[in-house]
Amino acid sequence: MQEKIGQNTLFDQADNLINLHEASLWASEYLNREVTVSNISYLLQYGRIKRHGNNGNPLIDKNELKDYYDRTNKKENEWKEKLGKDLNWHLSFVEYKESERTKHVHRLHPYKGKFIPQLVEYFLDKHKDEFKKEVFFNPGDIVLDPFCGSGTTLVQANELGINAVGIDISAFNVMISNVKIEKHNIFELHRIIKDLTYQLEEFQQNRNNVNFEERLLAELNEFNKKYFPAPEYKRKVRKGLIDEARYGKEKEEEFLPIYRQLVSEFHIKIKQDKNGTFLDKWFLSPVREEIDFMFENIKKLKDPQIKKTLAVILSRTVRSCRATTHADLATLKEPVTTTYYCKKHGKVCKPIFTILGWWKRYSIDTLNRLSEFNKLRTATKQICLIGDSRNLDIIKEVKKKDSTLAEMLKNKKIAGIFSSPPYVGLINYHEQHAYAYEIFGFERKDELEIGPLYKGQGREARESYTEGIAQTLLNSKKFLKDDYNVFLVANDKYNLYPRIAELAGMKIVNQYKRPVLNRVEKDRSAYAEIIFHLKEKY
């Protein structure tokens, strides 16, 4: 009897085995949303579900796939238990892949604190979602983002056929936003990038850092294969068979003599002579030389739009070449000038000695993203202005840049606002791009930030924040239509927005509490933000 039961179980399992294509179809029907073959392959690659069959024809147990999705869907109920039953899970946009959340120009440059484009689409696009009953904006309208950041609202407004104006106090943010929304001559940009890349490669011929890094990588590869074999090493760490902290430190120190011998052999100057600025402190000397070389060559170009686009590529490159560990890229701790044990990768890693690889990678990526957005863009107008949104004369400043859009603002007025104001005492918006301010010579205006990190989150800071956001709304109202709609994305843990609405002569007519699932921080605990819908009070 036992043998018969075993045979039936075996046959039952065989009946449940399906290929990748069949799995994607089954999962799409089960979840009522599209699940691609790539999504299923991801689950196999990272061990979320077991691989059956041979490598050439991987098979999946349908029951295992169902169990995986059932466990995943439990998160919705668990988060509602922690954050409240009013949590709008539909606004989690869990169905979107990472590539969709960072589509085309939205990933042109890193930026802390930006919202995903699907959130903007939900409120701006009247046809976007069957769950949304109200229409807030229509094609041809004008929308305002008084805290523009990296330009997400402007980009999505263009894609949806809506005109838009952004304002930001940061000169660097304004540059990023305008580069994203401008139409580019991709062919000419590509030609100039190739020329600059060639110049950088020529510049490196007189230096040893490239040959040094090639030798260093070869030595690291051999060392890591011997002492950190994959995946055995990580498996032993997980099982507690290896004390990662002790073992990693031992091997880090064991490799250091090899590193120092190569530094001496190739005559590599590691540290810069000065340590006074961000660029002095956070970049090794060979990298700093290449940064300065590239910026000087970019400055020689005549086309201002191409210069700004290349500045964005260079800034993105520079950010990836800071002398820090892979685990500390988001929050810098101490400059790293030697090889080190990297907990993130489970092996000995090295700091960056040349920008060339990242420059090439981001140049290609930028060209592709700009080309992709060029195919989607509509014949609408968007612009980002630099200034203080609490007192900026929007029409006057737009007229200096685009008289047609200025006339449109006078005649049609702005239909409403979609924006994510800074969170009180959470992010230093200027400091996150300190390297860019130093390279490009932008003036910092930290003192004009609303709710800056350095003021903290105490009572005085919260009162100042409340007044600042309210003043922005009051100034914006001068340019809004009578029946406007204002949407503000906020994490209002101090319950400041009812008071903000009152000071601005507005009323909160609705609130949407959405779970934030795709956070870049290490803390992945349950977290929600609120989209406040405001209208005129009287």
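The values are calculated or read from the model by the stated rules, or taken from the named source; none is laboratory data. Computed from a predicted model, the values in this text were never measured in an experiment. All Cβ positions, glycine included, derive from the backbone under ideal geometry; neighbour counts span all protein chains shown. These accessible areas exclude ligands, DNA and RNA; they are computed on the full protein's heavy atoms, side chains included. Shrake-Rupley method; radii C 1.70, N 1.55, O 1.52, S 1.80 Å.
Computed from point charges on the beta carbon alone (+1 for Lys and Arg, -1 for Asp and Glu), the dipole magnitude for the chain about its Cα centre is near 280 Debye. Here is how the number arises for the chain: DSSP H runs of 4 or more residues each give -39500 (n - 2.57), the sum is divided by the residue count, and the result at 222 nm is -15500 deg cm²/dmol.
Scanning residues 5 or more positions from VAL348 or on other chains, those with amide H under 5 Å from its amide H are CYS342, with H placed 1.01 Å from N in the peptide plane. State the number of lysine pairs found in segment 187-299 whose Cα atoms come within less than 14 Å, restricting to pairs 8 or more positions apart or on distinct chains. The result is 5. Computed over segment 261-322, the range of Cα coordinates on each principal axis works out to 45, 23, 19 Å, biggest value leading. Taking 0.36 nm per residue of separation and subtracting the Cα-Cα distance, full extension of the segment from LEU301 to LYS85 would add 72.1 nm.
Between SER403 and ASN138, the FRET efficiency from the beta-carbon distance, with R0 = 22 Å, is close to 0.40.
Amide H contacts under 5 Å for ILE414: LEU480, LYS481, restricted to partners 5 or more places along the chain or on a different chain, H placed in the peptide plane at 1.01 Å from N.
The dipole here belongs to segment 375-507: it is taken about the Cα centre, uses +1 on the Cβ of Lys and Arg and -1 on the Cβ of Asp and Glu, and is about 660 debye. Separation of segment 400-434 from segment 370-384 is 17 Å, based on Cα centroids. DSSP bridge analysis restricted to the chain gives an antiparallel fraction near 55%, rounded to the nearest 5. Each residue of segment 217-228 was assigned a 3J(HN,Hα) from its phi angle through the Karplus curve 6.51 cos²θ - 1.76 cosθ + 1.60 (θ = phi - 60°); the sequence is 5, 4, 5, 5, 4, 5, 4, 5, 4, 6, 9, 9 Hz, with glycine and proline shown as x.
With each label modelled as a point 7 angstrom along the Cα→C-beta vector, the ASP446-ASN63 pair spans 6.1 nm.
Suppose every Lys and Arg Cβ carries +1 and every Asp and Glu Cβ carries -1, with no other charges. What dipole size does segment 244-308 come out with about its Cα centre, to the nearest 20 debye? Working shown, then result.
Working: 14 positive and 13 negative charges, 90 e Å.
Here the size comes out at about 440 debye.
Applying a 4.7 Å cutoff between beta carbons, the unpaired cysteines of the chain are CYS148, CYS321, CYS384. For the chain, the residue among TYR198, MET408, PHE137 whose Cα projects farthest onto the positive side of the dipole built from Cβ charges is MET408.
The residues of the chain expose on average 51 square angstrom of accessible surface per residue, using a 1.4 Å probe on protein heavy atoms.
Couplings 3J(HN,Hα) of segment 529-536, computed from phi: 10, 10, 9, 8, 9, 10, 9, 4 Hz, in residue order, whole Hz [Karplus 6.51 cos²θ - 1.76 cosθ + 1.60, θ = phi - 60°; x for Gly and Pro]. Each residue of segment 357-370 was assigned a 3J(HN,Hα) from its phi angle through the Karplus expression (A = 6.51, B = -1.76, C = 1.60, θ = phi - 60°), giving x, 5, 4, 4, 4, 6, 5, 5, 4, 5, 4, 5, 5, 5 Hz with x at Gly and Pro.
Between amide H atoms placed 1.01 Å from N, distances below 5 Å from TYR484 occur with GLU536, all of them 5 or more places distant or on a separate chain.
Stretched out fully, how many nm does the piece from GLU502 to GLU22 gain, at 0.36 nm a residue minus the Cα gap?
Working: separation 480, 0.36 × 480 = 172.80 nm, distance 5.53 nm.
Full extension from GLU502 to GLU22 adds 167.3 nm.
Distance from the C-alpha centroid of segment 257-332 to that of segment 448-473: 34 Å, rounded to the whole angstrom. Of the chymotrypsin sites (Phe, Trp or Tyr not before Pro) found in segment 16-104, the ones in coil according to DSSP and having at most 12 other Cβ atoms within 10 Å of their Cβ are TYR46.
Using the Cβ atoms and a cut-off under 13 Å, what net charge is assigned to the surroundings of ALA379, where Lys and Arg are +1 and Asp and Glu are -1?
+2
Model label points for GLU463 and ARG33, set 7 angstrom from Cα along the Cα-to-Cβ axis, are 4.4 nm apart. Which residues among segment 353-376 fall inside the zone where the amide N is under 11 Å from a point 7 Å beyond the Cα of LYS194, along Cα→Cβ? Residues passing the 11 Å test: none. Heavy-atom surface analysis with a 1.4 Å probe gives the chain a carbon and sulfur content of 48 percent of its accessible area.
Projecting the Cα atoms of LEU65, ASN208, GLY151 onto the charge dipole of the chain (Cβ charges, centred on the Cα centre) puts GLY151 farthest toward the positive pole.
With viscosity set to 0.890 mPa s and temperature to 25 °C, compute the Stokes-Einstein D of the chain, Rh being the Kirkwood radius across alpha carbon pairs; µm²/s, no decimals. Please list the in-between numbers first.
Values: Rh = 26.5 Å.
Diffusion coefficient, whole number: 93 µm²/s.
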